[in-house]
1. Out of Asp130, Asp91, I need the residue that is touching a residue at least 60 places away in the same chain (Cβ under 8 Å) and within 22 Å of Leu11 (Cα to Cα). Which one?
2. Quick one: Val34 ticks every box in (1) touching a Leu at 6+ places or on another chain (Cβ under 8 Å); (2) aliphatic (A, V, I, L, M); (3) surrounded by fewer than 21 Cβ atoms within 10 Å (Cβ to Cβ) except a single one, so which number is it?
3. Looking at the stretch 87-107, which of the residues that are of a type in the set (A, V, I, L, M, F, W, C), touching a Lys or Arg at 6+ places or on another chain (Cβ under 9 Å) and crowded, with 22+ Cβ neighbours inside 10 Å is farthest from Ala75 (Cα to Cα)?
4. Can you name the residue in the stretch 108-126 that is of a type in the set (Gly, Ala, Ser) and touching an Asp or Glu at 6+ places or on another chain (Cβ under 9 Å) and is also surrounded by the fewest Cβ atoms within 10 Å (Cβ to Cβ) among such residues?
5. All but one of (1) free of Cβ contacts under 8 Å to residues at least 24 places away in the same chain; (2) touching a helix residue (DSSP H, G or I) at 6+ places or on another chain (Cβ under 7 Å); (3) not in a helix (DSSP H, G or I) hold for Gly146; which doesn't?
6. Among the residues of the stretch 121-141 satisfying the criterion of being in a loop (DSSP other than H, G, I, E, B) and within 17 Å of the chain's Cα centre (by Cα), which is farthest from Gly196 (Cα to Cα)?
7. Gly214 - would you say it is more than 29 Å from Asp25 (Cβ to Cβ), touching a residue at least 12 places away in the same chain (Cβ under 8 Å), part of a strand (DSSP E or B) and out of contact with any Lys or Arg (no Cβ under 8 Å at 6 or more places or on another chain)?
8. Return a yes/no flag: does the stretch 169-177 have any residue that is under 25 Å from Ala101 (Cβ atoms) and modelled with pLDDT of 95 or more.
Amino acid sequence: MTDLYPAIDLLGGRVVRLRQGDYADETVYGDDPVSVARGFASAGASWVHVVDLDAARSGDPVNRPVVAAIAAALAGAVQVQTGGGVRTIDDARELADAGVARVVMGSAAIREPALVEAAARLVPVAVGLDHRDGEVAVHGWTAGSGVMLDDAYALFPSAAVFVVTDIGRDGMLEGPDLAGLTRSAELAGSPVIASGGVSSLADVVALARIENLGGIITGKAVYEGRFTVAQAIEALAQL
């Protein structure tokens, strides 16, 4: 069964969502991320995806205590995957020590692919490939990397999974890029987790039917009441 990854995006300790990665276009959904995480756990989630947006932009892991609190609250019940500002081996080690099951490395991985191999000796690593029109973006989605998505997978043989985000669809509730994600799942040597654009249970089901798709991240659709985490997990279980 394809795993559902309900998302908690942290900015200044609050639960927010951005539109297309624009820090000037945020919606706040709560002030208690641990409570949100517990709600996802109660709904049956086996994973929670946490992003430190402050660290993604500045490198300063100001939300790391919040990430640790989420991991502690869910320990033994739900695994936490977290990214945003994971740029060094020490970052990966600190998150692993905080109870995070898998770290996401994005900008740092693109800049120095060997970091993924080194970090993967400490904790499973998801490589975050956030792309705009096929070019992988870095530094909190503010700059292009010159690396094309199709070419990126071969750089990371140690990746446990790839988190593929279509920036143009993120937070827009306009549906995922099914064709692009199908291609990604074919090219990647490890399972792909789809991110960006999920707007309905029909989107969840359509994504789950892609071969070698390992997971689906959903954020805004849940916060906006398009469907619940429990409904999505039930839909996945019926496939």
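1. Working: Asp91 fails: touching a residue at least 60 places away in the same chain (Cβ under 8 Å).
The unique qualifying residue is Asp130.
2. The failed condition is (1).
3. Among those that are of a type in the set (A, V, I, L, M, F, W, C), touching a Lys or Arg at 6+ places or on another chain (Cβ under 9 Å) and crowded, with 22+ Cβ neighbours inside 10 Å, it is Met105.
4. Going through the qualifying residues, I end up with Ala108.
5. (2)
6. Pass one, the stretch 121-141, residues in a loop (DSSP other than H, G, I, E, B): 121-124, 133-134, 139-141.
Next, only the ones that are within 17 Å of the chain's Cα centre (by Cα) stay: 123-124, 139-141.
Working: Val123: 25, Pro124: 22, His139: 18, Gly140: 15, Trp141: 13 Å.
Per the criteria, the residue is Val123.
7. Details: more than 29 Å from Asp25 (Cβ to Cβ): yes; touching a residue at least 12 places away in the same chain (Cβ under 8 Å): yes; part of a strand (DSSP E or B): yes; out of contact with any Lys or Arg (no Cβ under 8 Å at 6 or more places or on another chain): yes.
Criteria met by Gly214.
8. Yes, that holds for at least one residue.
The values are calculated or read from the model by the stated rules, or taken from the named source; none is laboratory data. Everything numeric in this text was worked out from a predicted model, so none of it was measured. Glycine gets a Cβ as well: all are built from the backbone with ideal geometry, and neighbour counts include every protein chain shown.
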